[in-house]
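The values are calculated or read from the model by the stated rules, or taken from the named source; none is laboratory data. Given the structure is predicted, the values throughout are model-derived calculations rather than measurements. Note: ideal-geometry Cβ built from the backbone for every residue, glycine included; neighbour counts use all protein chains shown. In case anyone asks, the SASA skips ligands and DNA or RNA and just uses the protein heavy atoms, side chains included. Shrake-Rupley method; radii C 1.70, N 1.55, O 1.52, S 1.80 Å.
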Amino acid sequence: MLYIDELRKSRDKAQVAYQEFALHTKQGKDGLFCFFEGKDNAYYVPRIKQFVENYHPIRCGGREKVLQVYNLIKNHREYDQYKKAFFIDRDFNSSLPNHNPPIFETPCYSIENLYVSVDVFKEILKNEFSLSEVRDDAYKVCLKLFIERQQEFHLAVKLLNAWYACLIAIRNTTGRQTGVDLDDNLPKGFIELTLDSVSSKYDLEKIKQTFPNATEVTQELLDQKLVDFSNCEQHKVFRGKYEMEFLLILIQLILQDSKKSQKYLTDKIKFTFSDTISNEQAINTFSGYAETPESLIEYLKEVT
């Protein structure tokens, strides 16, 4: 099945979002109409409210669906009078060309990538773990663990990210489906993550066995992508859901160590949640610490 056929199957969901917008306008609503992929509004809304109080969030269900809704609205000139904002993740696609009206595309893979920098982790340590960077040795220990394990994590997931990025490149140039539907979490058994180290437990053959319907990727294309991914800001470029998974597992391991084994941390760390926190909870809880790209600020200035 061609990629375009997949898009046709999702049109009904785009139509639902479009109809929700149309219903708002029929009821005489004004303000900023914000179109999101899914639950990304937890990140965007606090930033939107810095520029406008009256807004209407509309979930579309994915990057392509946001773009479909965009085209549906653009084709109706009567909607030109309304203020609209469209938010999408870049994923492994090339940067979106300029559009009129404009569309905001993350300068990284997805919004999750805006939660996983060293600076954001420092904020989590200070505000969620209540650790002082000048008084608590645990602050320095946790920060060191994060930096070292994240570097190892990126080495471990580079092949999987590169392989999947190749599938997206093939899809975008040939129209063929990737044959892969990734879960939010890393494939089971691919990565071993502890506070001591992160190691890869897979190779290209295991990837092919795990995803038997995937489009074939040439070794030449994969090798070039591996070079590209060795020379980039990996926490921004690599798949955001995996980056967030690393952060949340590391937090879980740190909390467990502080409560039980105390190999690295001698005192129990207090945390709002239990040892585990979901991706959705993290997007909400850590939103205030996440990075805000300058391009997002400029976009919101333009559309409001």
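Among the protein heavy atoms of the chain, carbon and sulfur supply 47% of the accessible surface, probe 1.4 Å, non-protein parts ignored. Ranked by the mean number of other Cβ atoms within 10 Å of their residues, highest first, the peptides 174-185, 190-201 come out as 190-201, 174-185.
Which of the peptides 256-269, 107-120 is most tightly packed, and how do the rest follow, judged by the mean count of other Cβ atoms within 10 Å per residue?
Top to bottom by mean Cβ count within 10 Å: 107-120, 256-269.
The Cα atoms of the range 234-277 define a convex hull whose projected area, averaged across directions, is 3.6 nm². Computed from Cα atoms alone, the Kirkwood hydrodynamic radius reported for the range 185-304 is 17.8 Å. Rounded to the nearest 10 degrees, the angle from helix 11-26 to the longest Cα principal axis of the chain is 70 degrees.
For the range 102-190, the pair-distance distribution built from all alpha carbon pairs, in bins 10 Å wide starting at 0, is 13, 31, 31, 17, 7, 1 percent. Taking 7 Å steps out from each Cα toward its Cβ at residue 50 and residue 226 produces label points 4.1 nm apart.
The tail of the calculated P(r) for the range 62-107, taken as Cα-Cα distances beyond 15 Å, holds 41 percent of the pairs.
Cross-link partners for residue 263 among the aspartates and glutamates, with Cα-Cα distance under 12 Å and sequence neighbours closer than 8 places in the same chain left out: 196. Modelled this way, with points 7 Å down the Cα-to-C-beta line, the labels at residue 268 and residue 184 are 2.9 nm from one another. Extending 7 Å from Cα along the Cβ direction at residue 99 and again at residue 284 yields two label points whose distance is 2.8 nm.
Contact order, relative form, for the chain: 22 percent (alpha carbon pairs under 8 Å, 6 or more residues apart, mean separation divided by residue count).
Computed over the chain, the P(r) curve from all C-alpha pair distances, binned at 10 Å from the origin, holds 5, 24, 30, 24, 13, 3, 0 percent per bin. Taking the average, over residues, of other Cβ atoms within 10 Å as the packing measure, peptides 158-170, 75-87 rank 158-170, 75-87 from highest down.
Under a 5 Å amide H cut-off, with hydrogens placed 1.01 Å from N, residue 191 pairs with 201 among residues at least 5 apart or on other chains.
The number of Lys pairs in the range 110-223 with C-alpha atoms less than 18 Å apart, excluding pairs fewer than 8 positions apart on the same chain, is 11.
Per residue, the range 154-304 exposes an accessible area of 52 Å² to a 1.4 Å probe, with every protein chain left in place. Protein heavy-atom accessible surface, 1.4 Å probe, per residue over the range 1-143: 50 Å². The H on the amide N of residue 176, modeled in the peptide plane, is under 5 Å from the matching H of 3, each at least 5 residues off or on a different chain.
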